[in-house]
Structures are given as C-alpha cells and as structure tokens.
1. Taking K386 as the anchor, which lysines have their alpha carbon closer than 18 Å to its alpha carbon, excluding any fewer than eight residues away along the same chain?
2. Antiparallel versus total DSSP beta bridges in the chain: what percent is that, nearest 5?
3. Just to confirm a number: summing +1 for Lys and Arg and -1 for Asp and Glu over residues other than V224 whose beta-carbon lies under 10 angstrom from that of V224, what do you get?
4. Taking the highest mean first, how do the peptides 219-227, 166-174 order by number of other beta carbon atoms within 10 angstrom per residue?
5. How many angstrom lie between the Cα centre of the stretch 153-221 and the Cα centre of the stretch 354-426?
6. What aspartates and glutamates sit close enough to K426 to cross-link, taking a C-alpha to C-alpha distance under 13 Å and skipping anything fewer than 8 places away on the same chain?
7. For a paramagnetic label modelled at 7 Å from the Cα of H420 toward its Cβ, which residues of the stretch 145-173 fall within the zone defined by backbone nitrogen distances under 15 Å?
8. Taking amide H atoms as placed 1.01 Å from N in the peptide plane, list the residues 5 or more away in sequence, or in a different chain, whose amide H sits under 5 Å from that of V140.
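The values are calculated or read from the model by the stated rules, or taken from the named source; none is laboratory data. The structure presented is a predicted model; accordingly, all values stated were derived computationally and were not measured. Positions of Cβ are generated from backbone atoms using ideal geometry, with glycine treated the same way; all protein chains shown enter the neighbour counts. Ligands, DNA and RNA are stripped out before the accessible areas are found, and what is left, the full protein with its side chains, is counted by its heavy atoms. Shrake-Rupley method; radii C 1.70, N 1.55, O 1.52, S 1.80 Å.
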Amino acid sequence: MAVAEHRYDLVVVANRLPVDRVQDNEGNVSWSKSPGGLVTAMESVMIDRDGAWIGWSGDPGEAPEPFDENGMHLHAVPLSQDEIENHYEGFSNETLWPLYHDVIVPPRYRRRWFEGYHEVNQRFAQAAADLAAPGATVWVHDYQLQLVPAMLRELRPDVQIGWFDHIPFPSVELFAQLPWRRQVIEGLLGADLLGFQRRADAENFLRVCRQLLGLSTRGHTVTVPGADGAERVVRAAAFPISIDASGLEELARTPEVQERAKQIRHDLGDPRQVLLGVDRLDYTKGIRHRLKAYEELLTDGVLAPPDTVLVQVATPSRERVTAYIELREQVEVTVGRANGDFGQLGSPAIHYLHQSHGRSEMAALYLAADVMLVTPLRDGMNLVAKEYVTCRFDEGGALVLSEFTGAAGELDRAFICTPHDIGGLKRTIREALDADPRDKRRRMRSMRRRVRENDVRRWADSFLCALNPSEGRATGEP
Ligand code: GDG
C-alpha cells in the first residue's frame, strides 16, 4: 500500500470492518452496519474520535477503496479465497476458536493454515503501520490478529499498541497443545497492553509466559528481554467489555419497540411465560444443552405449550465450517422432534428462527421474554445477557446465566446455572419461572445498575487510558 495521505491518532485493527456490503437490484453498492459482538461494542467509541478502522470487508478478492462511514475512516484489507480458507476459516475458526473455548470440539492443527494466518497478520500490521500517525494509538482486536502487535512494533516502534482478547484465554495445559504457541505468545508480547475479559484470562496468559517461555512475571506484568539487552514491560489485565447501555435502553423505551413486544407475545398465542434464547449458532453457546433441558421439562409435563413457549433465535454463523454444519443439524433435529412431540396446531413448543434481525426487533424480543436463557459452555463475556437486562427498564423478566460466561462475574444476581448439569439447568429454569416477582425485580434492578455503571464507553476509556494516559477519560483500570 502507498503511504496514506492522512494519518490517524487512533487506529482500530479488527478482522472485520464494522459494515457489510449491500448491493441493490440496479447494482448500486452501499454499506450497512454488521451485527456481532465487536461491532456492537466498538461503534460508539469510534464515532466520538477521528479514528480509522482497518478490517476485511467480508468478500473475497480485491478490497474496496478506503471510505468514510458514520464518522469513521474505513480501510479494507483484501483477502483471497485461499486466505479466507486458511487464515479465517482454518486457523482462526477451526484451530484457535475451539482451543480457546475449552476444546468443546477438537481443534485442528494444519501447517498451511498457520502460514496463511501469518501472511494475513503481516498484511494487517502493514496497513496499521501505514495509517498510524507518529506516536498514534493502535488498538488490535481479537484472536484472528495475535501476531499483529509484534509485527507492528517491528515496523513502527513509535506507536502505542494495545490488544484486546474478546474470547477466553485458555489454561496453559490447553494452550500448550498449539504447535505455534511460541509465535503466538511472542506476537502478543509486541503490545504494550493486553486486555482480557476476566482476571482469570489475564492470569492464564501470564502463566503461559512463565511456563512456556520462561519469562518473568510480576503482578499484572511480564518482562520481555529485547535484542539490544533492553527490557520492555508488557501489562496484561482484565477489562470486561460492555454495551452501549443508554442507547439500547432508549431504543427499548420507544413506543414502537414496546408495541412490537406486545405484538410478539400476541403472535406467540399470548402464553403465560415466554422463554428466549438469542445466540450466534455456535457450539460454545450451549444451545443443545438448553434445548435438552427444555425438551425434558416438556416430557416431564412441567411445561407445555401454549402456556409456555420457547423462542430460539440462532443467527447464522461460520456456515462453511464442519462443526457448525453439524451443530445446525443437531439443533434442527431437536427442534423438529420437540415440536412433533409436544406442539399443537398453531402452537409449536419451540419457535426457531435461523435468521438475523434488526436491533429494534432484538430489543422487542428481550422485552417480550419472561425468562432469558444464556447457557454457554464457555464465553468470553456474552453481550446478549447485558443487552437483556438493559432492555428491561420495566424491571421485569429473569436471566438464567451460565457460570462459564465472563458476564457471570458481573451479573451475579442472575439465576446462575451450570449447563453441563442438565438436571441442575432444569431446576434453575423452573426457579426463574416460579420466582417471587419482588425477588426478580430486586435482581433485575441490581444487574441493570452494574451494566449502566460499566458501559462500553467506560470499557474503552479504561483500556485506552491504561494504554496511553493522555487518551480517554481517566476512569482508571478496572
Ligand atoms: C464475541 C465473544 C464477547 C446476534 N444476533 C443478532 C445480533 N446479535 C448481536 C447480539 C450481541 C452480539 O451480536 C453477540 O455478542 P455475544 O457477546 O453474545 O457473542 P459473540 O458474537 O460470540 O462475541 C463474546 C463479544 O465478542 C464481545 O467481546 O462478549 O464472548 O464470543 O450484541 O445482540 N444483532 C442483530 N441481529 C441479530 O440477528 N442486530
């Protein structure tokens, strides 16, 4: 890439741009905001700053020319079909994703995939080096770009480099499986600050540095020896991510969304209780465990439609990866069986939606649900849980939340469950359905306060301030 004319003081580097390409019937191209955890989290931070965002557009081949959208300068990095298969579908989603999520499915190790990962990371690092102003802050995101910090430091030693891990960081016993573990740790150690969702993730990383690379760690820091004998200190700490709570609550309070929530309940047959699940269709989210518990509650005669219904939104995700194809089949067989066994004409037991929805529809669904089921087997944070409580300005509803989510660290007034324990999960769902309304309101009030106090702006300000004290409001490191 030619050296950019304009350089930016804040550069975000993430696998995806925060927009999707849309082409109408006449061939006109426009861009619409894409769904997903990172986009939802970063949007409000970038709009406030004159920043640039580097990412892949989502389509193979040539990248579109840089363009400005929503107050952000968007710079697309091209990926060929081969690179998508090796870097993204292969190494990111079939090696790192399962390895970092407790090997729920077995990770696959392919040398060709790592080569693709290395090449693509180098391209992202180069783009960041070209766009960053002297002394700029560069914030790299997530597991797809773990080699970027060291590559960027090599190219631009003057910039401040932060990296944030949106997903869990595994224990040293699991991480040790990775044939390229040294490259990954050394890649990350190019950063000045490494942010994790939970303290336990940061501690796992520090332990990996000690045990696998023999580096010395102290408190939140690891000391990295330089080639010239000089030492660098890299910090690794927890910065639990959050959501744009005030923006979402404002949306939930609009008459249109409230009306839509009533309409949804009406369309469901005005049941006494509505249960809701909202997830990307991903094996980490515990959708099968949730459906099994619900199906058993139907079999036991404890729940029955049309009195109680479950709505499961399963947003399509990684549809070319085998484990996701298999998961979809398993989920759809279970939904079909439950509906065949327990549904009635016009009132299925499970309303299953394998589709994306707009933000207003999501808010209306949250408002319509008496019990929200968030049951991941492992999840970095889980923004859906925070979105649910934020939408419940009426202090209604109840949240069933897996202990294996980052969110459980903050939302400890939820009905906490252990999704592997199907008997326990059934009991927790019943507890949430039958809880005293005053108890539920108290819990909801307390959880809402937690999310309001630590919203996405505070998260970003804390991270940027810890990385570079002249950036952001001085809210301090959490
Ligand atoms: C990763 C980590 C971490 C989903 N379907 C639709 C839609 N969504 C939105 C939700 C929520 C986001 O996507 C999903 O966020 P999660 O946190 O639940 O999960 P991941 O996608 O796995 O995100 C996770 C997150 O990064 C942030 O760090 O919390 O642990 O795995 O915001 O509302 N949004 C719309 N339509 C949909 O159909 N509009």
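1. K285, K440
2. Numbers: 18 of 66 bridges.
Within the chain, antiparallel bridges account for around 25 percent of the total.
3. -1
4. On the way: 219-227: 13.7, 166-174: 19.3.
Averaged packing, sorted descending, gives the order 166-174, 219-227.
5. Their Cα centres are 29 Å away from one another.
6. Excluding near neighbours in sequence, the set is E295, E296, D300, D434.
7. 171
8. Those qualifying (amide H under 5 Å, at least 5 residues apart or on another chain) are V13, G162, W163, F164.
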